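The values are calculated or read from the model by the stated rules, or taken from the named source; none is laboratory data. Only a predicted model underlies this, so the values are computations on that prediction, with no experimental measurement involved. In this analysis, Cβ positions are derived from the backbone assuming ideal geometry, glycine residues included, and neighbour counts consider all displayed protein chains. When the accessible area is computed, the model is the full protein with side chains, heavy atoms only, and any ligands, DNA or RNA have been set aside. Shrake-Rupley method; radii C 1.70, N 1.55, O 1.52, S 1.80 Å.
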Amino acid sequence: MKNICKDCGKCCIETEMLLSSKDIARIKKNNPKHLKITSFIRRTEEGFNQLINVKGYCVFFDSAAKLCTIYDVRPQGCRFYPLIYDPDKGHCTLDQDCPRPEVFYPNKNYQMQTCKKIVRFLENQVLFTKL
Ligand code: SF4
Ligand code: SF4
């Protein structure tokens, strides 16, 4: 799979990415650093599972190589990014921090389709499966 995020990683700085139970199971199986689950997940006050940061970067980011070390199995939220859901506004927006959003989302139609998937993902796999 081509990694179009190579040499970037702006979204891997101080990440707040939420993880579904499927994300956790997939990463646990394909975990190049053989990290214990408690070394890559923290529990938020609200009870959600979130990626841990180390020295300001996602624990899976190689800051020297500027590369996600679990790119092929990265969390679903990282795959949806730079499209993100804003719960206050009730719609999705392209995050301005990403320098190449048009590569991922070349048109509005695709953004709208993916936004529906993000909402379903959050409702079914993140919000209702918190531990
Ligand atoms: S899992 Fe990969 S893409 Fe997602 S925040 Fe961590 S390093 Fe970045
Ligand atoms: S999704 Fe955007 S911000 Fe994140 S690593 Fe890829 S190009 Fe950079």
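Things to note:
- Selection within the range 88-111 - among the hydrophobic types (A, V, I, L, M, F, W, C) and surrounded by 14 or more Cβ atoms within 10 Å (Cβ to Cβ): C92, L94, C98, F104
- Checking each residue of the range 30-38 against the condition of being of a type in the set (A, V, I, L, M, F, W, C), more than 13 Å from ligand 1 (Cβ to nearest atom) and within 15 Å of V126 (Cβ to Cβ) gives no match.
- The lone exception for Q113 - which of (1) in a helix (DSSP H, G or I); (2) in contact (Cβ under 8 Å) with a residue 12 or more places away in the chain it fails: (2)
- Checked against the criteria, Q50 counts as of a type in the set (S, T, N, Q) and part of a strand (DSSP E or B).
- Test for C58: is it more than 19 Å from Q125 (Cβ to Cβ), modelled with pLDDT of 95 or more, out of contact with any Phe, Trp or Tyr (no Cβ under 6 Å at 6 or more places or on another chain) and of a type outside the set (K, R): yes
- Close pairs (7 angstrom Cβ cut-off, 6 or more residues apart or separate chains): modelled with pLDDT under 95 in the range 62-80, part of a helix (DSSP H, G or I) and near ligand 2 (Cβ under 10 Å from one of its atoms) anywhere: C68/C12
- For the range 45-56, the count of residues that are open to solvent by 80 Å² or more (accessible area, probe 1.4 Å), touching a residue at least 24 places away in the same chain (Cβ under 8 Å) and within 15 Å of ligand 1 (Cβ to nearest atom) is zero.
- Qualifying residue in the range 60-72 (condition: of a type in the set (V, I, T) and either near ligand 1 (Cβ under 10 Å from one of its atoms) or surrounded by 13 or more Cβ atoms within 10 Å (Cβ to Cβ) (or both)): yes
- Within the range 3-20, considering residues that are assigned to a loop (DSSP other than H, G, I, E, B) and near ligand 1 (Cβ under 6 Å from one of its atoms), the one least open to solvent (accessible area, probe 1.4 Å): T15
- Looking across the range 112-122, not a single residue is open to solvent by 80 Å² or more (accessible area, probe 1.4 Å) and closer than 15 Å to M17 by Cα.
- Within the range 64-94, the residues that satisfy the criterion of being within 12 Å of ligand 2 (Cβ to nearest atom), outside any helix (DSSP H, G or I) and farther than 12 Å from M17 by Cβ are K66, L67, P82, L83, L94.
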